[in-house]
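Student: So that we are looking at the same thing, I have put the structure below in structure tokens.
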Amino acid sequence: MSFDHLQEAIIAMKNPTVAGLDPKPEYVPMHIRKECYEKYGETLEGAAEAIYRFNCGLMDALCDIVPAVKPQSAYYERLGWRGMEMLERTIRYAKDKGFFVIADIKRGDIGSTAEAYSDGWLGTTKVGESTFSSFDADCVTLNGYMGSDSVNPFLKTCKALDKCAFILVKTSNPSSGELQNVAAGNGDTVYGLMADLIEQWGAGTQGKYGYTVAGAVAGATHPDELKQIRARMPHSFLLVPGYGAQGGTAEDVQYAFQDKGRGAIVNSSRGIICAWQKTGKDGMDYQEAARNAAIAMRDDICRFTTIE
Ligand SMILES: O=c1ccn([C@@H]2O[C@H](COP(=O)(O)O)[C@@H](O)[C@H]2O)c(=O)[nH]1
């Protein structure tokens, strides 16, 4: 689904936020872990099953108020194939619940390999005479610092299948400036050049709301850069991580939005999925805690930004 679908879901729920599904086994409440470990053992299989059940419970609690989820592949990869199976099942469950699914994979490689990643995460894979969908996400995150041939296969799939991608521009981590803020001549920066490249890569694919299939990642933790990126990328939808656990605030993320609160979505992962750890109730209330945290985040951001 292209950014038109994401924008429409945001408007319908009046909520420009995405819940990150970044589950570690220790984030899963004990009653779920216990059930799974009893059945599957205290093993990778038991941990993967616990994580899947936790994800489903979170999505049940959030599906009428949060438009999108963003599973981060790393948390599933660390459990091997059992984790990847649960990621595929999590994406399927999310889509059945009506969520827009952003697979946070940050891939980037030579063209032929990028094509394989693109088939797996967004498109289809041909085996003999048959064609299969694997992860079938609506959207992925990409690392475009290898250049256009590392993202073009994804963008081609996005155009063909009405999907979209967020490409790293200015990331939220503390050391992102080591490369991204390096001067690139004429007062420009490396992240500034990346912003221009992404606008070029997406050209000609604007949808109903004016956004191309090539969106951008800009962290909440660098509000000055976020403001510049928003102005420099008028046709790019922004994914803004770093709110909450990394210190980004509603005041900081206000700069990501265009007129009518359009063109951006703000992520929180630990702030939502670990909210139960702050209620002192052993995790029996993890759904209510996640829902309350998601509502608080929405209301916090909407103090500065009205969604129309
Ligand atoms: O610049 C970036 C790009 C991606 N991320 C991802 O977002 C979430 C943030 O999690 P929190 O728990 O809300 O801090 C995580 O999946 C990162 O891999 C990012 O933080 N910054």
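Student: Select from the stretch 294-308 the residues that are assigned to a helix (DSSP H, G or I) and in contact with a helix residue (DSSP H, G or I) (Cβ under 8 Å, 6 or more places away or on another chain) and list them in ascending order.
Tutor: Passing the criteria: A294, M297, D300, I301.
Quick grid of which residues meet (1) more than 19 Å from Y93 (Cβ to Cβ); (2) free of Cβ contacts under 8 Å to residues at least 40 places away in the same chain; (3) open to solvent by less than 10 Å² (accessible area, probe 1.4 Å); (4) in contact with a strand residue (DSSP E or B) (Cβ under 7 Å, 6 or more places away or on another chain):
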| residue | (1), (2), (3), (4) |
| --- | --- |
| M30 | yes, no, no, no |
| G41 | yes, yes, no, no |
| A48 | no, yes, yes, no |
| I51 | no, yes, yes, no |
| V69 | no, no, yes, yes |
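Student: Only one of N15, N55 is farther than 28 Å from F257 by Cα, open to solvent by less than 10 Å² (accessible area, probe 1.4 Å) and polar (S, T, N, Q). Can you tell me which?
Tutor: After ruling out the rest, the residue left standing is N55.
Student: Going by what's in this entry, would A275 be described as out of contact with any strand residue (DSSP E or B) (no Cβ under 7 Å at 6 or more places or on another chain) and open to solvent by 10 Å² or more (accessible area, probe 1.4 Å)?
Tutor: Here the answer is yes, as A275 does meet what is asked.
Student: Just checking, how many residues over the stretch 180-227 are of a type in the set (G, A, S) and under 21 Å from N267 (Cβ atoms)?
Tutor: Number satisfying all stated conditions: 8.
Student: Filter the stretch 254-272 down to residues that are surrounded by 24 or more Cβ atoms within 10 Å (Cβ to Cβ), part of a helix (DSSP H, G or I) and within 12 Å of the ligand (Cβ to nearest atom), then give me how many there are.
Tutor: Going through the stretch 254-272 one residue at a time, the tally reaches 1.
Student: Going through the stretch 189-221 one residue at a time, which ones are β-branched (V, I, T) and either assigned to a helix (DSSP H, G or I) or open to solvent by 20 Å² or more (accessible area, probe 1.4 Å) (or both)?
Tutor: Listed by number, the residues that qualify are T189, V190, I198, T205, T221.
Student: Oh, and also: Is there a residue being crowded, with 22+ Cβ neighbours inside 10 Å, over 16 Å from S118 (Cα atoms) and in contact with a strand residue (DSSP E or B) (Cβ under 8 Å, 6 or more places away or on another chain) anywhere in the stretch 128-140?
Tutor: No: zero hits.
The values are calculated or read from the model by the stated rules, or taken from the named source; none is laboratory data. Just so you know, these numbers come straight off a predicted model, no measurement behind them. Positions of Cβ are backbone-derived with ideal geometry, glycine not excepted, and every protein chain shown enters the neighbour counts. Quick note on the areas: whole protein, heavy atoms, side chains included, nothing else; ligands and nucleic acids left out. Shrake-Rupley method; radii C 1.70, N 1.55, O 1.52, S 1.80 Å.
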